[in-house]
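J.: Provided herewith is a single structure, encoded as structure tokens, for subsequent inquiry.
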Amino acid sequence: MSTDYQSPVKLGYEEFVLFPNDGNRHEIIDGRHYMNPAPSTGHQSASKHLQYQLYQKIELANLGKIFDAPVDVQLSDHDIVEPDLIVLREPSTAKITPSRIIGPPELVIEILSPSTKQNDETLKRRLYEQKGVLEYWLVDVGGQNVTQLVLDNGVYQERPEKFSESICLEILPEIKIDLTLVWRP
């Protein structure tokens with residue numbers, strides 16, 4: 001993430017809602033404020049193609065709910081993130097409220113961009129692992145592949161292959177996503 005604002009006090013949701021609606025993406029991780037510029041068109045295109053397939057195969061089949069950014073996901077008092085895409089299975093332990101989702105989604109998808117790649121691969125990976133997100137995808141649009149991480153006894157296990165043509169969800173193994181559609185401009 002491009003900007004990390006230090007604060008002597010750990011920030012929470014009360015401070016989070018005061019951030020400006022300035023076109024940037026704001027998150028709080030471990031009480032610290034992070035800000036990124038708006039995503040690129042390639043990023044948004046990949047997000048749209050993933051969301052469309054997830055919506056068709058999960059939400060329309062009444063297997064769960066799909067949300068895309070910006071949606072606030074509060075994982076703890078001092079951890080509020082805006083993942084690119086999230087999947088909540090039916091029933092989910094996370095709570096959907098009018099203002100945000102409270103608790104860990106079953107699947108979080110982050111689409112890598114130059115300003116977020118390092119934090120998505122390290123900081124957010126640790127956060128999602130610690131907070132119990134069952135499955136985490138890192139989508140590399142430029143490399144046209146997906147890294148799939150699955151929680152096993154509290155630790156993420158990375159699937160040995162990078163997926164480029166299709167991927168099945170670990171949380172819903174009957175759901176297969178055609179990645180060749182995601183790489184379209």
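J.: Please give the Cα centre distance for the stretch 112-174 versus the stretch 57-99, rounded to the nearest Å.
T.: Computed from Cα coordinates, the inter-centre distance equals 16 Å.
J.: Given a Förster distance of 35 angstrom, what is the FRET efficiency for N153 paired with K117, based on the Cβ-Cβ distance and rounded to 0.05?
T.: Details: r = 27 Å, r/R0 = 0.78.
According to the calculation, E is roughly 0.80.
J.: Magnitude of the Cβ-charge dipole of the stretch 117-157, K/R +1 and D/E -1, about the Cα centre, nearest 20 debye? Don't skip to the answer; put the middle values down first.
T.: Details: 5 positive and 6 negative charges, 33 e Å.
Value, rounded to 20: 160 debye.
J.: Is the stretch 30-88 rounded, prolate or oblate when judged by the Cα gyration tensor, a ≥ b ≥ c being the square roots of its eigenvalues, rounded requiring a/c under 1.5 and prolate requiring a/b larger than b/c? Don't jump to the answer; show the numbers that get you there.
T.: On the way: a/c = 4.77, a/b = 1.38, b/c = 3.45.
Judged from the Cα gyration tensor, the stretch 30-88 comes out oblate (a/c at least 1.5, b/c at or above a/b).
J.: Averaging sequence separations of C-alpha pairs under 8 Å and six or more residues apart, then dividing by the length of the chain, give the relative contact order as a whole percent. It would help to have the intermediate numbers written out before the result.
T.: On the way: 362 pairs, mean separation 32.2, N = 185.
It rounds to 17 percent for the chain.
J.: Then there is this: Between Y52 and Q130, what FRET efficiency follows from the Cβ-Cβ distance if R0 is 41 Å, with the result rounded to 0.05? Mind showing how you got there, number by number?
T.: Working: r = 31 Å, r/R0 = 0.75.
In this case the efficiency is close to 0.85.
J.: Can you give the Rg/Rh ratio of the chain, where Rg is from the C-alpha atoms and Rh is the Kirkwood radius?
T.: Working: Rg = 15.6 Å, Rh = 16.6 Å.
In the chain, Rg relative to Rh is 0.94.
J.: I've got another one for you. Can you classify the stretch 94-185 as rounded, prolate or oblate using the Cα gyration tensor, where a ≥ b ≥ c are the square roots of its eigenvalues, rounded means a/c under 1.5, and otherwise it's prolate if a/b beats b/c and oblate if not? All intermediate terms of the calculation are to be shown ahead of the outcome.
T.: On the way: a/c = 1.43, a/b = 1.35, b/c = 1.06.
In terms of gyration-tensor shape, rounded.
J.: Still on this structure, I have one more. For L60 and S99, FRET efficiency with R0 = 30 Å and r from the beta-carbon atoms, rounded to 0.05? Write down the numbers at each step before the final one.
T.: On the way: r = 25 Å, r/R0 = 0.84.
That pair, S99 with L60, gives E of 0.75.
J.: When the helix-only estimate is applied to the chain (DSSP H runs of n ≥ 4, each -39,500 (n - 2.57), divided by the residue count), what is the mean residue ellipticity at 222 nm, nearest 500 deg cm²/dmol? Don't jump to the answer; show the numbers that get you there.
T.: Working: 5 runs with 36 residues, N = 185.
So the helix-based figure for the chain works out to -5000 deg cm²/dmol.
Where a number appears in this text, it was derived from the coordinates with a stated rule and is not lab data. None of the values given here were measured: they were computed from a predicted structure. With ideal geometry, Cβ positions are generated from the backbone for all residues, glycine too; neighbour counts draw on all protein chains shown.
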